[in-house]
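Written below as structure tokens is the structure these notes are about.
The values are calculated or read from the model by the stated rules, or taken from the named source; none is laboratory data. Small disclaimer: the values here were computed from a predicted structure and weren't measured. No Cβ is skipped: glycine too gets one built from the backbone with ideal geometry, and neighbour counts run over all protein chains shown.
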Amino acid sequence: MRAETGLLPWSLRLTLPGPKAGKRVPCEKCPLRKRPVFRPFEPEELAFVSRFKTGELSVDRGATNLEEGANSAHLYTVLSGWGFRYKLLPDGRRQILNYAMPGDLIGLQGSLMDEMSHSVEALSPMLLCVFERDQLHELYRRHPGLAYDITWLASREEQMLDENLLSVGRRTALERAAYLLAFIVQRAEAVGVEGANPLELPITQQHVADTLGLSLVHTNKTLRKLVQRGLISWQERGCTVRDLDGLLGVARWEGIKETVRPLV
């Protein structure tokens, strides 16, 4: 049984292996495939992905699934739950790079470059589809459509990092916060994340601070301004966006323009 990590400081958490079971969710019955945002598989692609997948991995909230510097024999698709990618400085300071949601592929970097240059932590309980890294060569050789999908997902990740770097480098603190919250809620809604209406984002002010490169005090003051404008509300367990258009206006951002996307 895994140790409880919820009370440990994030800088002290270790990578904790989860139990790997059989295929509790066969690819043919994957609930994500029903969502219109994901492109449908061709029959031969579905058959390959079903062989490619070895099972599922459960990850507790606060546990690190992939760790910077590690070499993993697997890559994963998020089936349910939320996570985030991050890097640490030697003194423990953290920079959150992006957030992982259902349908996202994680661990590709470690699979192709033999070592992860960032870590992945669960924001909520996560269920991950597990794939064997060694099968990637067969995927690229025999299934060009799936190979294109993986390339698309990697390119999209780069595109999101471009926007995040622009935000950290050039937007004001208020614009950064508005952009981040609008970005997260739009991504969640696009992939059909279920929850309360309006959706509650399972992030803390520390997560926001570590994403935007601000101190926790500055972040608190900035978020308070968005609350005062009626754009968001903040509870102990997370944030709720009350006025998405208002956030987009503050951020001076047009929002995500995404139609059908791949699912591996």
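At-a-glance table
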item	result
Hits in region 234-249 (condition: modelled with pLDDT of 90 or more and either in the same structural domain as L128 (by TED's automatic domain parsing) or not β-branched (V, I, T) (or both))	W234, C239, R242, D243, L244, D245, G246, L247, L248, G249
Search result, residues across region 200-243 that are among the aliphatic types (A, V, I, L, M) and under 26 Å from S119 (Cα atoms)	L201, I203, V208, A209, L212, L214, L216, V217
Subset of region 100-144 that is in contact with a helix residue (DSSP H, G or I) (Cβ under 6 Å, 6 or more places away or on another chain) and part of a strand (DSSP E or B) - its residue that is nearest to S167 (Cα to Cα)	L105
Residue tally, condition closer than 24 Å to V78 by Cβ, in a helix (DSSP H, G or I) and without any contact (Cβ under 8 Å) to a residue 40 or more places away in the chain, over region 232-264	0
Among (1) out of contact with any helix residue (DSSP H, G or I) (no Cβ under 7 Å at 6 or more places or on another chain); (2) surrounded by 15 or more Cβ atoms within 10 Å (Cβ to Cβ); (3) modelled with pLDDT of 95 or more, the one test that D149 misses	(3)
Flag for R170 being farther than 18 Å from D104 by Cα, out of contact with any Gly (no Cβ under 9 Å at 6 or more places or on another chain) and not assigned by TED's automatic domain parsing to the domain that holds V37	yes
Breaking point among (1) within 22 Å of L105 (Cβ to Cβ); (2) touching a residue at least 12 places away in the same chain (Cβ under 8 Å); (3) within 15 Å of the chain's Cα centre (by Cα), for L181	(1)
Matching residues, region 161-183, being in contact with a helix residue (DSSP H, G or I) (Cβ under 8 Å, 6 or more places away or on another chain) and of a type in the set (A, V, I, L, M)	V168, A173, L174, A177, A178, L180, L181, A182
Exclusive hit being surrounded by 15 or more Cβ atoms within 10 Å (Cβ to Cβ) and within 16 Å of A100 (Cβ to Cβ), set Q159, Q186	Q186
Residue match in region 215-226 (condition: under 21 Å from the mean Cα position of the chain (by Cα), closer than 20 Å to F84 by Cβ and either surrounded by fewer than 17 Cβ atoms within 10 Å (Cβ to Cβ) or touching a residue at least 12 places away in the same chain (Cβ under 8 Å) (or both))	no
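Here's the yes/no breakdown for (1) free of Cβ contacts under 8 Å to residues at least 40 places away in the same chain; (2) farther than 26 Å from R24 by Cα:
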residue	(1), (2)
E67	no, no
L75	no, no
K87	yes, yes
G92	no, yes
A100	yes, no
L105	no, no
